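Worksheet for the structure shown next.
Throughout, read-outs are computed from the coordinates displayed, never taken from laboratory work. Just so it is clear, the model here is predicted, and its values are computed rather than measured. Backbone-built Cβ (ideal geometry, glycine too); neighbour counts: all protein chains shown.
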Amino acid sequence: MTKFANRYNKVAGTSYCSDTSIAAVVLKGLAEHKVTLGAPLCPCRHYDDKQAEAEQGFWNCPCVPMRERKECHCMLFLTEDNPFAGDVDSLTPEEVAKMISGI
């Protein structure tokens, strides 16, 4: 998921939150959903039926609001006008692993 998110940042012209640990936690949730559900379902929402939501695709990352309006409520992909946007658009898997260790 880290490689996907780094590439998406470059293509979309977005960056990670200035607190990159937020990106790390979101990436962890996306990766877990990719393994368990077969799709990177947004980990920042509640679902009555995660599998059905993953199959529908609306909230699979990048979700429809992100693709259509560049609105990421997870704070994973932020536009430069967002006050929480940082200057980092790429993380290594090792950096992410270090930030989420112990979670």
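Tabulated data
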read-out	value
Rel. contact order, % - alpha carbon contacts under 8 angstrom, at least six apart, the chain	41
Simple spin-label estimate for residue 3 and residue 79 in nanometres, 7 Å along Cα-Cβ	3.0
Partnerless Cys - the chain, beta-carbon criterion under 4.7 Å	17, 42, 61, 63, 72
Per-residue HN-Hα couplings for segment 45-57 [Karplus 6.51, -1.76, 1.60; θ = phi - 60°; Hz; x = Gly/Pro]	10, 9, 10, 5, 9, 4, 4, 5, 5, 4, 5, 5, x
Within the chain: Cβ-based charge dipole about Cα centre, in debye rounded to nearest 20 (Lys, Arg +1; Asp, Glu -1)	240
Gyration tensor (alpha-carbon) shape descriptor, the chain, a/c threshold 1.5	oblate
Estimated distance in nm for a label pair at residue 101 and residue 36, the labels positioned 7 Å out from Cα along Cα-to-Cβ	2.4
Gain on full stretching of the segment that runs from residue 51 to residue 68 - 0.36 nm per residue minus C-alpha separation	3.8 nm
Gyration tensor verdict on segment 21-81 (Cα atoms; rounded if a/c is under 1.5, prolate if a/b is larger than b/c, oblate otherwise)	oblate
